[in-house]
1. Working only within region 55-64, note down all residues that are in a strand (DSSP E or B) and exposed (fewer than 14 other Cβ atoms within 10 Å of the Cβ).
2. Can you pull out the residues in region 18-54 that are surrounded by 13 or more Cβ atoms within 10 Å (Cβ to Cβ) and either in contact with a Pro (Cβ under 8 Å, 6 or more places away or on another chain) or of a type in the set (F, W, Y) (or both)?
3. Among the residues of region 5-49, which ones are at pLDDT below 85, outside any loop (DSSP other than H, G, I, E, B) and over 13 Å from R60 (Cβ atoms)?
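The values are calculated or read from the model by the stated rules, or taken from the named source; none is laboratory data. Since the structure is predicted, the reported quantities are computational estimates derived from the model, not experimental observations. Cβ sites come from the backbone with ideal geometry, for glycine too, and all protein chains shown count toward neighbours.
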Amino acid sequence: MPRYSRAAAAAGQYGELVEFQDNEKLITQGEQSSDVYFLLTGTTKIIVGKKEVDRVDAGRHVGEMAEI
């Protein structure tokens, strides 16, 4: 079983599996959120203000700072 398939199965068991389209926002700066996203495939950008400060690839997570 591919690694992302095992991760998807775990996400379905412990959370919600969500698919995003290209250029769709996961979290918007300034909004309250308690969601943490674990990327199973693809890449997302971290933008602060109007500046890209990081890119996050599959296997990493985003959103934990919004939770704090």
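1. Step one: filter region 55-64 for residues in a strand (DSSP E or B), giving 55-57, 61-62.
Hits for region 55-64 are R55, D57, H61.
2. Y37, F38
3. Once the filter is applied, which keeps residues that are at pLDDT below 85, outside any loop (DSSP other than H, G, I, E, B) and over 13 Å from R60 (Cβ atoms), region 5-49 yields S5, R6, A8, A9, A10, A11, G12, Q13, Y14.
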